[in-house]
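First comes the structure, then the notes that go with it.
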Amino acid sequence: MGAGVLGFDPGLLQAIADRVRTPAYVYSTNLIRAQYHALDDALHGIRHRICYSVKANGNLGVLRVLKQLGAGADIVSVGELRRARMAGFDPDGIVFSGVGKTAAEIEEAVRSGVGFINIESTSELATLTTVATDLKLPARVGIRVNPDVAIESHPYTKTGEKTAKFGIPFDEVVTVAQRIAAEPRLVLRGLAMHIGSQITDVTPYHRGAIRLVELVTALRASGINTLEALDVGGGLGVRYHNEKAPSPKAFAEAVVPVVGAAGLGLLCEPGRYLVANAGVLLTRVLYRKHAGGKEYVIVDAGMSDFVRPSHYNAHHEIIPLRDGKRPEEVVNVVGPICETGDFLALDRKLVAVGPGDVLAVLGTGAYGFVMSSTYNQRPRPPEVIVDGDRYYVARQRETLDDLLRGETAEPTTWYKA
Ligand code: LLP
């Protein structure tokens, strides 16, 4: 078999490509478990919960694995809440962040007993207060703080700077906390931050945690003593190419002593760290073509299936599954979508491949399928879960009929204002 696809058996991947066809996402439960255990072990010195960020990969089979490991869940919508609950997550271990939760979403979260409904604005707090009062139910609340801490990452994935849309501005937190404390139905259980994604230096976590503890001190001084945990967010970076991913130990050293000294439990919300490198996207070469001095490898997966290269210019390693010594060449690996921005790799050195060859696109377990679309009327790919030497289709390939659901060519009901 060709160069190893780290953690996967290439023979099994080829069998999956042949049976399930391509494009297809494949996830390894063993790799997810290994990542979880490494982080869980690193955090052993403090009462903690790893709340998996469902947005990274919401497949029910993936959620089931993480739930069985003891993870909580970080969600951003009622859709993710439904998934987390279907996978069996305990509502108490669910953290609900997001700047635009609707009243209906907040209501479902309160009814479900979500552990931390993280407030991101004062107007959202007003909605939560009304919902909980009307329902006559308790609401368990966190405040997502904007700690004003900078990170190095893609501009689209920085969230913790003062100008970001996320969280309550640092100097308003005490006032907001007092308002929460004054509401009989609301209990303030934690402070949270999420400073960004694909973070490769742990220093900002340390700085952010210190900022949160400053607030804890201020809150305690103002008589608020209901806090149970600090949530340091997600964002732990991984190695896609030549990045230096921080070790779980380095992450733990940055946050555990700070949070521990405040006498609180620790929550974190990793998504990518747990699943990115546990997933590959299998795609088959359709055609070869030479144009304008470039070699093109045209494959059956496009930006509709996997958007990170197009959207963030992200580098994802591509490994052909087929064996044999072949010369290397520099190619553009492109998809079938009608956009020049539809590529998986540009000017990439790859061993020679031809029609029928299956390629594994690595690091696609996070923000892969969940960001896929049906652009160009392409059904979304299936998701396959590998456990040891077995696999199952955890989500079927979408059908063309699925894409037509809810739509009619002839008007059915006309409305007037
Ligand atoms: N917690 C909150 C509140 C978040 O907004 C996010 C991600 C996470 C946790 C998990 O972050 P992670 O550990 O996965 O970095 N689509 C982009 C990433 C956007 C992340 C959005 N928020 C990408 O493909 O790189």
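The values are calculated or read from the model by the stated rules, or taken from the named source; none is laboratory data. The shown structure was predicted, so the numbers you read here are calculated from the model rather than taken from an experiment. Note that we place each Cβ from the backbone using ideal geometry, even for glycine, and neighbour counts take in every protein chain shown.
Go through A139, A132, A126, A104 for me and flag whichever is of a type in the set (A, V, I, L, M, F, W, C), in the same structural domain as T203 (by TED's automatic domain parsing) and free of Cβ contacts under 8 Å to residues at least 12 places away in the same chain.
A126
Residue count for segment 70-104 under the criterion of being outside any loop (DSSP other than H, G, I, E, B) and surrounded by 17 or more Cβ atoms within 10 Å (Cβ to Cβ): the result is 15. Listed by position, the strands (runs of 3 or more DSSP E) inside segment 245-336 whose residues that are within 16 Å of the ligand (Cβ to nearest atom) number at least 2 are 265-268, 279-291. Within the set I195, I151, I180, I143, the sole residue that is within 14 Å of the ligand (Cβ to nearest atom), at negative phi, surrounded by fewer than 24 Cβ atoms within 10 Å (Cβ to Cβ) and of a type in the set (V, I, T) turns out to be I151.
Please determine whether any residue of segment 194-212 is without any contact (Cβ under 8 Å) to a residue 24 or more places away in the chain and either within 30 Å of E243 (Cβ to Cβ) or not aromatic (F, W, Y) (or both). Scanning segment 194-212, I find no residue that is without any contact (Cβ under 8 Å) to a residue 24 or more places away in the chain and either within 30 Å of E243 (Cβ to Cβ) or not aromatic (F, W, Y) (or both), so the answer is no. Of everything in segment 40-81 that is among the aliphatic types (A, V, I, L, M) and more than 16 Å from the chain's Cα centre (by Cα), the residue that is farthest from V255 (Cα to Cα) is L69. Is it the case that some residue within segment 344-364 is in contact with a helix residue (DSSP H, G or I) (Cβ under 8 Å, 6 or more places away or on another chain) and within 12 Å of the ligand (Cβ to nearest atom)? Scanning segment 344-364 turns up at least one residue that is in contact with a helix residue (DSSP H, G or I) (Cβ under 8 Å, 6 or more places away or on another chain) and within 12 Å of the ligand (Cβ to nearest atom).
Per-residue answers, yes or no, for (1) in contact (Cβ under 8 Å) with a residue 12 or more places away in the chain; (2) surrounded by fewer than 18 Cβ atoms within 10 Å (Cβ to Cβ); (3) among the aliphatic types (A, V, I, L, M):
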{"site": "Y312", "(1), (2), (3)": "yes, yes, no"}
{"site": "G324", "(1), (2), (3)": "yes, yes, no"}
{"site": "P327", "(1), (2), (3)": "yes, yes, no"}
{"site": "G368", "(1), (2), (3)": "yes, no, no"}
{"site": "D402", "(1), (2), (3)": "yes, yes, no"}
{"site": "E407", "(1), (2), (3)": "no, yes, no"}
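The set of residues in segment 39-69 that are in a strand (DSSP E or B) and not hydrophobic (A, V, I, L, M, F, W, C) comprises H48, R49, Y52, S53. Please find, within segment 108-134, the residue that is nearest to K162 (Cα to Cα) out of those that are hydrophobic (A, V, I, L, M, F, W, C) and either loosely packed, with under 14 Cβ neighbours inside 10 Å or within 16 Å of the ligand (Cβ to nearest atom) (or both). Filtering first and then ranking leaves I119. Looking at (1) more than 15 Å from the ligand (Cβ to nearest atom); (2) assigned to a loop (DSSP other than H, G, I, E, B), find the lone condition where G234 falls short. So the condition that G234 fails would be (1). Cβ-Cβ distances below 6 Å connect the following pairs, each with a first residue in segment 155-177 that is within 20 Å of F96 (Cβ to Cβ), a second residue that is hydroxyl-bearing (S, T, Y) and within 16 Å of the ligand (Cβ to nearest atom), and a separation of six or more residues or different chains: F166/T159. Once segment 154-177 is narrowed to residues that are farther than 19 Å from V95 by Cα and basic (K, R), the residue that is surrounded by the fewest Cβ atoms within 10 Å (Cβ to Cβ) is K162.
R211: in a strand (DSSP E or B) and either more than 12 Å from the ligand (Cβ to nearest atom) or not small (G, A, S) (or both), yes or no? No, not satisfied.
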